[in-house]
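The values are calculated or read from the model by the stated rules, or taken from the named source; none is laboratory data. What you see is a predicted model; the values in this text were computed from it and never measured. Glycine also receives a Cβ, built like all others from the backbone with ideal geometry; neighbour counts cover every protein chain displayed. Just the protein is used for accessible areas: all its heavy atoms, side chains included, with ligands, DNA and RNA removed. Shrake-Rupley method; radii C 1.70, N 1.55, O 1.52, S 1.80 Å.
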Amino acid sequence: MKLPLQRHPKESYSTMTRAVLWQNEIEANRLTTVFMCICSAVMALSMLLTAVGIFTENAQTVYTTGIATIVWHMLPCLVSFRYKYAKPWLKNLLLAGLILGQARLDCGLGFNTALSILIPVVFSTRYYSRKFTLSVAAITTVVFSVTTYLGAATGFTPVDKNILLEASRYAHDVMMTSFLPKWFLFAVISAVCAEVAHWGRAMVEKQAVISQEHSRVETELHTATQIQLKSLPDVKTLCEGHEAPFELATSILPAKEVGGDFYDFFYVDPTHLALVIADVSGKGVPAALFMMVSKILLDNSASAGRTPGKVLTMVNHQLCEKNIIDMFVTVWLGIIDLTTGEIVSANAGHENPIICRKDGTVEVIRTKHGMVLGGMEGMRYRDETLQLHPGDTLFVYTDGIPEAHNSAAQMYGMERLVSVLTGKTQMNAQALVDLVKQDVNAFAG
């Protein structure tokens, strides 16, 4: 099965794609340099073991071959170190030194280099270029196919001269034992490596495109978050032009870049303040869009002077009518009479509100829960009445608080929330909100 990858000419590469490919080439240069240094170290060790008599090869052949191989390997490595592997022409220099060094080794000690002659082809795939890999493969195929002859002709490999003088007699044996096996081996490995290089580059290009798209989406999500947060009301703006006989504090922290939780507050008339706390199902952009629609519908309906129950009934009908993405929202809506402290509220599947009394006690209000908004058509919601007295505090929240988990998979829970709120009558609204946030964060870690 073929991967759905599309190749593009170099001039059409994005900046990110170019950067990724360049970093890959630098890393390939480094790995090639390290390998050549290791080869040189192994050759130097072989020369030492020959000198002390452990290896029984012809010493003169080992020394001349070893010194030449080390020189061919180390000169490009020194240049690579000098430029910190970061020059576009460096790969050509490194691979030229690698090929020439290994060819020199094969000329002198051909029967010891059966595996080393494959290294140039294998290493070239690290550059993720089919053209470069095929070029290296072609050069190495030619060079290493004739190293046996070169070694014999130059005296690097001690052979019987009669083999060369009677070449026609031994042509069949030479072709079968040297040239053809090497050529076949290189042809197979070259084909495989070329495909590896081709698909390697294609995958790098695809990953770069994905990364670029991810970066773009992150930027857009961040912008969406800022727009979402700006759509929430500001306490200072609410209090402008009004003598507010109350304190109001808010806090929101989306679980993802863009969330579905929201709150709202606004004056229905000079003596009535509407409070909304809501939680849209799901997270991300769909939840944010559904949140904006829900907020606008609730605001428009409540501003018309309807009771909370009628507001939720109407908004549920509107959401169900156009809910093509099958989302829903839990809502608690309360309208406070600022002259008496009476709250008329309705609950569409949301968390129970909490009242912190002036005497330090905490009361969780067990309200009648209706169906979530957008969940089912034809639902009706009941109004309920609560009473606030001077010094009391109303605390409303989403399920992010009681359902917060710690590392042991334990939930924060209502008992802990009630415990934190108990006895905090002297705290102002913002200090109380901050206290709960700190406790939840400490619990969740």
What are the residues in the stretch 35-46 that are more than 23 Å from Trp89 (Cβ to Cβ), in contact (Cβ under 8 Å) with a residue 12 or more places away in the chain and surrounded by fewer than 20 Cβ atoms within 10 Å (Cβ to Cβ), if any?
Ala44
Kindly evaluate Val196 against the criterion of being in contact with a helix residue (DSSP H, G or I) (Cβ under 8 Å, 6 or more places away or on another chain), modelled with pLDDT under 75 and of a type outside the set (D, E, K, R).
no
Specify the residue that is nearest to the chain's Cα centre (by Cα); the eligible residues are those in the stretch 216-233 that are open to solvent by less than 80 Å² (accessible area, probe 1.4 Å) and in contact (Cβ under 8 Å) with a residue 24 or more places away in the chain.
Leu221
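When the stretch 17-34 is examined, which residues are found to be at pLDDT 75 or above, within 25 Å of the chain's Cα centre (by Cα) and either crowded, with 16+ Cβ neighbours inside 10 Å or not acidic (Asp, Glu) (or both)? Can you show your working first?
If we filter the stretch 17-34 for residues that are at pLDDT 75 or above, which is where we start, we get 18-34.
Right, trim to within 25 Å of the chain's Cα centre (by Cα) and you get 18-28.
Those that are at pLDDT 75 or above, within 25 Å of the chain's Cα centre (by Cα) and either crowded, with 16+ Cβ neighbours inside 10 Å or not acidic (Asp, Glu) (or both): Arg18, Ala19, Val20, Leu21, Trp22, Gln23, Asn24, Glu25, Ile26, Ala28.
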Given (1) buried (at least 19 other Cβ atoms within 10 Å of the Cβ); (2) under 17 Å from Val188 (Cβ atoms); (3) at pLDDT 65 or above, number of the condition Leu134 does not satisfy
(1)
Suppose we keep only residues that are open to solvent by less than 30 Å² (accessible area, probe 1.4 Å) and within 43 Å of the chain's Cα centre (by Cα) within the stretch 296-315. Which one would you say is nearest to Pro270 (Cα to Cα)?
Ala302
If only one of Ser14, Ser46, Ser40 is within 25 Å of Tyr127 (Cβ to Cβ), of a type in the set (S, T, N, Q) and modelled with pLDDT of 85 or more, which one is it?
Ser40
Identity of the residue in the stretch 49-78, among the aromatic types (Phe, Trp, Tyr) and modelled with pLDDT of 85 or more, that ends up most open to solvent (accessible area, probe 1.4 Å):
Trp72
List every residue pair whose Cβ atoms sit under 8 Å apart, with the two residues 6 or more apart in sequence or on different chains, where the first one lies in the stretch 374-395 and is at positive phi and the second, anywhere, is of a type in the set (A, V, I, L, M, F, W, C).
Gly374/Phe290; Gly374/Leu319; Gly374/Cys320; Gly374/Met327; Gly374/Phe328; Gly374/Val329
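Quick grid of which residues meet (1) open to solvent by 40 Å² or more (accessible area, probe 1.4 Å); (2) modelled with pLDDT of 90 or more; (3) among the charged types (D, E, K, R):
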{"position": "Ile336", "(1), (2), (3)": "no, yes, no"}
{"position": "Gly341", "(1), (2), (3)": "no, yes, no"}
{"position": "Ser345", "(1), (2), (3)": "no, yes, no"}
{"position": "Pro353", "(1), (2), (3)": "no, yes, no"}
{"position": "Thr361", "(1), (2), (3)": "yes, yes, no"}
{"position": "Met371", "(1), (2), (3)": "yes, yes, no"}
{"position": "Gly375", "(1), (2), (3)": "yes, no, no"}
{"position": "Arg380", "(1), (2), (3)": "yes, yes, yes"}
{"position": "Asp434", "(1), (2), (3)": "yes, yes, yes"}
Does the stretch 350-408 hold any residues that are over 22 Å from Arg306 (Cα atoms), of a type in the set (D, E, K, R) and either in contact with an Asp or Glu (Cβ under 8 Å, 6 or more places away or on another chain) or in a strand (DSSP E or B) (or both), and which are they?
Glu351, Arg357, Lys358, Glu363, Asp399
